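The numbers here are math on the coordinates, done by the rules we state, and not lab data. Everything numeric here is computed off the predicted structure, so don't read it as measured data. Quick reminder, even Gly has a Cβ in these numbers, built from the backbone with ideal geometry, and neighbours come from all protein chains shown.
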Amino acid sequence: MADFYTEKVMDHFRNPRNMGEIKDADGVGTVGNPQCGDIMTMYIKVKDDRIIDIKFKTFGCTAAIASTSIATEMVKGKTLDEAYKLTRDDVAKELGGLPAIKMHCSNLAADALRKAIDDYKKKRK
Amino acid sequence: MDYAATTPVDKEVIKEMLPYFDKTYGNASSIHTFGRDAFDAVEKAREQVAGIINAKPDEIIFTSGGSESDNLAIKGVAYKNKEKRGSEKNHIITCAIEHPAVLEVCKHLEKQDFNVEYIPVDKHGLINIDELENVISKDTFLITVMFANNEIGTIEPIEQIGKIAKKNNILFHTDAVQAVGKVPIDVNKQNIDLLSISSHKIYGPKGVGALYIRKGVSIAPLIHGGGHEKGFRSSTYNTPGIVGLGKACELCKARFTKDVNHMKKLRDHLIKNILKIEESYLNGHPTKRLCNNSHFRFTAIEGESLNLMLDDKGIAGSTGSACSSKKLQASHVLLGIGLKPEEAHGSLRLTLGRYSTLDEVEYVSEVLPDTVKKLRTMSPLWNK
């Protein structure tokens, strides 16, 4: 558990990876946390059951932005099943830890991703 | 840009303090020369502090800071009242947007069978005077309302409240931590019975404060011991700190007009520049605000990210966003003036001081629009 933000968190915050929208996304997932008010949207492009492109937009704190940024990096190129298993602990660990009070931000990143995958599966049916 | 959080110690203040660490280090309560020299220094500081609020020196008690002064004033009056034989009074009136050092004390007292009324404020942060007058009852013994708000800088109608308190024979305490050195304070004209001062907000050292207690008002001590400060607050005198606070007050008084004009000029320039940003708003009162306070909100972005991005550019600000609070709750002040949590989210306080420069203001005016823009391009709530 980190007391403040790790260098890796600050790096993803300062230079977010895969930030933006995918206009013709195959799946879109938005989640929000009513307690603190962060809102995150993930866009995915899927080919042969793999995430070939992913982008995000986040309204929220440093941890929220860094969590979504690193989550996109972690699942890009992965199969949908692999990506679906991403947990908040995976995200937080990859960031070198998050302050306890900010753990819900990493949770939201994983939730947004799963919601985007669900959306893709629903649309395909 | 965060002078409301704290200030650097003025060089003249440091110079004044230094001898009291290792040369005149005597215990101000001792009878020998070393002690008496320290005692004289403490008494001189008492005069300097009294001078900034038009009080008498023997009405000033030294404390460890603003929070202790607030605690001592409110609990001290409350407990003293309870001690009075036959006193049934148990009602305190305060304001919804007080500093936690007041609000938490009031909540604490509620657990001890005191009733507390939290008067709401309008959208600018001004207390509802009619409501305050309406809730006064025969049981009310204390009104505590801040002189000026620490977040949005709104200056409350202190003289009016003082009159109401006096008319109803109720004690009036005000937390003037943010107001000292920025607003003219006269405890007699404004009918103030107790007033809290903090040293580190006025270019003095941290860990020192003062409480003005009008002559004739008695309070119960929180710290019992050797009977210092007329028994109101025992503890060996923090001579260097007290000397520093005294000098800081003297400087604030001497430089009052110069300091206020300087801060006001920079503040107005800053506000004018920042409000050019699309969907930016000023929180607080348009005119009844501290000369050093600017408080903004920007649609679709969050304050903690904004502050850390500004920090990268060497700019220190603060925010009332839930994300930056330990409780993950938006500031009670911003909610108190009627903002929604998502509006409080995008808030930024920039506060100026004696050493702020026009160059600094210009630099912030240049950096902030780009920073807001950068965060908005990341935000799913911004579609422009």
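Based on the alpha-carbon gyration tensor of chain B and its eigenvalue square roots a ≥ b ≥ c, which shape applies: rounded if a/c is under 1.5, prolate if not and a/b is larger than b/c, or oblate? It is oblate, given that a/c is not under 1.5 and a/b is not larger than b/c. For A:Ala63, the shell of other residues with beta-carbons less than 12 Å away shows a net charge of 0, using +1 for Lys and Arg and -1 for Asp and Glu.
Over chain B, what is the relative contact order in whole percent, taking alpha-carbon pairs under 8 Å and six or more residues apart? Present the calculation step by step, with values, prior to reporting the outcome.
Numbers: 788 pairs, mean separation 81.4, N = 384.
Contact order relative to length: 21 percent.
As I understand it, the value is the acute angle between the Cα axis of helix A:62-75 and the longest principal axis of the Cα atoms of chain A; what does it come to in degrees, rounded to 10? Result, in degrees: 40.
Relative to the longest principal axis of the Cα atoms of chain A, the long axis of helix A:103-124 makes an angle of roughly 0 degrees.
Remark: segment B:195-210, residue by residue, has Karplus-estimated 3J(HN,Hα) of 8, 9, 10, 10, 7, 6, 8, 10, 6, x, x, 6, x, 9, x, 8 Hz, where x stands for each Gly or Pro and the curve is 6.51 cos²θ - 1.76 cosθ + 1.60 at θ = phi - 60°. Do any trypsin sites (Lys or Arg not before Pro) in segment B:182-269 lie in a loop, going by DSSP, with at most 14 other beta-carbon atoms within 10 Å of their beta carbon, and if so which? Those that pass, being in a loop and sparsely packed, are B:Lys189, B:Lys215. Taking trypsin sites (Lys or Arg not before Pro) across segment B:106-136, the ones in a DSSP loop with at most 15 further Cβ atoms lying within 10 angstrom of their Cβ are B:Lys111, B:Lys123.
Taking θ as phi - 60° and the Karplus parameters 6.51, -1.76 and 1.60, the scalar couplings of segment B:128-145 work out to 7, 5, 4, 4, 4, 5, 5, 8, 4, 10, 5, 8, 6, 10, 8, 10, 10, 9 Hz in sequence order, x denoting glycine and proline.
Filter A:Lys76/A:Lys125; B:Lys56/B:Lys265; B:Lys123/B:Lys215 down to the pairs with a C-alpha to C-alpha distance above 30 Å, please. Walk me through the numbers before you get to the answer.
Values: A:Lys76/A:Lys125 23 Å; B:Lys56/B:Lys265 33 Å; B:Lys123/B:Lys215 37 Å.
From the list (A:Lys76/A:Lys125; B:Lys56/B:Lys265; B:Lys123/B:Lys215), the Cα-Cα distance tops 30 Å for B:Lys56/B:Lys265; B:Lys123/B:Lys215.
Counting other Cβ atoms within 10 Å, keep those with at most 16, restrict to DSSP loop, and tell me which GluC sites (Glu not before Pro) in segment B:70-179 are left. Provide the component values of the computation, followed by the final result.
Working: sites: B:Glu83, B:Glu88, B:Glu98, B:Glu104, B:Glu110, B:Glu117, B:Glu131, B:Glu133, B:Glu151, B:Glu159; in loops: B:Glu88, B:Glu98, B:Glu151.
Counting only loop positions with at most 16 other Cβ atoms within 10 Å, the GluC sites (Glu not before Pro) in segment B:70-179 are B:Glu88.
Would you please classify the overall shape of segment B:131-237 from the alpha carbon gyration tensor, given that a ≥ b ≥ c denote the square roots of the eigenvalues, rounded means a/c under 1.5, and beyond that prolate means a/b larger than b/c while oblate covers the rest? In terms of gyration-tensor shape, oblate.
Is the protein assembly as shown rounded, prolate or oblate when judged by the Cα gyration tensor, a ≥ b ≥ c being the square roots of its eigenvalues, rounded requiring a/c under 1.5 and prolate requiring a/b larger than b/c?
Working: a/c = 2.27, a/b = 2.00, b/c = 1.13.
Here the protein assembly as shown falls in the prolate category.
Under 23 Å of direct C-alpha separation, and excluding same-chain neighbours fewer than eight residues apart, B:Lys138 reaches these lysines: B:Lys75, B:Lys80, B:Lys82, B:Lys84, B:Lys89, B:Lys107, B:Lys111, B:Lys163, B:Lys166, B:Lys167. Couplings for segment B:101-106, taken from phi via the Karplus curve 6.51 cos²θ - 1.76 cosθ + 1.60 with θ = phi - 60°, read 5, 9, 4, 5, 5, 5 Hz in order; Gly and Pro are left as x. Pairing the Cα long axis of helix B:256-274 with the longest principal axis of chain B, what angle in degrees results, from 0 to 90 and rounded to the nearest 10? For B:256-274 against chain B, the angle is about 20 degrees.
Counting only other chains, and only Cβ atoms inside 10 Å, what mean value do you get across the residues of A:60-67? Don't skip to the answer; put the middle values down first.
Details: counts 11, 14, 9, 3, 5, 8, 1, 0.
Average per residue, whole number: 6.
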